[in-house]
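Below is one structure, written out as structure tokens; comments come after it.
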Amino acid sequence: RLPNWLITELTSMGFSWDPHEEAWQSFYTKLQEYKNEYGDTQVPAKCVYQDVNLGGWVVTQRSKYKLGKLDREKETLLRHIGFTWTLRRGKT
């Protein structure tokens with residue numbers, strides 16, 4: 001375990017203690033922005049939005065959901081913004 005003073009110092013410098021969670025939250029924010037701009041969460045699979053592969057991230061969230069591997073809290077957040085879990089044929 002790190003000493004408290006070092007934890008405080010690293011935190012004050014902006015050290016990420018959970019980079020995976022931060023990345024997820026960043027993509028979630030981009031998805032909210034996408035929805036505000038386009039009116040839905042039906043992001044095309046190959047869509048790069050604001051320099052991030054938002055389409056790939058959305059595909060991953062749908063896959064995790066279908067496999068029962070999406071964290072409940074994340075599922076709730078996605079439902080809250082009206083996330084589209086399945087797409088009609090012809091959409092990717």
Nearest 10 degrees, 0 to 90: helix 19-38 Cα axis against the chain principal axis: 40
Sites N36 and E73, calculated FRET efficiency, Cβ-Cβ separation with R0 25 Å, nearest 0.05: 0.70
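Averaged over all directions, how much area does the convex hull of the C-alpha atoms of region 2-92 cover when projected, in nm²?
Details: hull surface 30.4 nm².
The directionally averaged projection comes out at 7.6 nm².
How high is the relative contact order of the chain? Use alpha-carbon pairs under 8 Å, at least six apart in sequence, and give a whole percent. Before the final figure, lay out the partial values.
On the way: 50 pairs, mean separation 21.4, N = 92.
Computed over the chain, the figure is 23 percent.
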Check the straight Cα-Cα distances from K66 and name the aspartates and glutamates below 14 Å, setting aside those fewer than 8 residues away within the same chain. E75
Lysines near K35 by alpha-carbon distance under 19 Å, same-chain residues fewer than 8 away left out - which ones? K46, K74, K91
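Taken together, the values in this text are just the output of simple stated rules run on the coordinates, not laboratory data. Keep in mind it's a predicted model, so treat the numbers as computed, not measured. We place every Cβ from the backbone using ideal geometry, glycine too, and count neighbours over all the protein chains shown.
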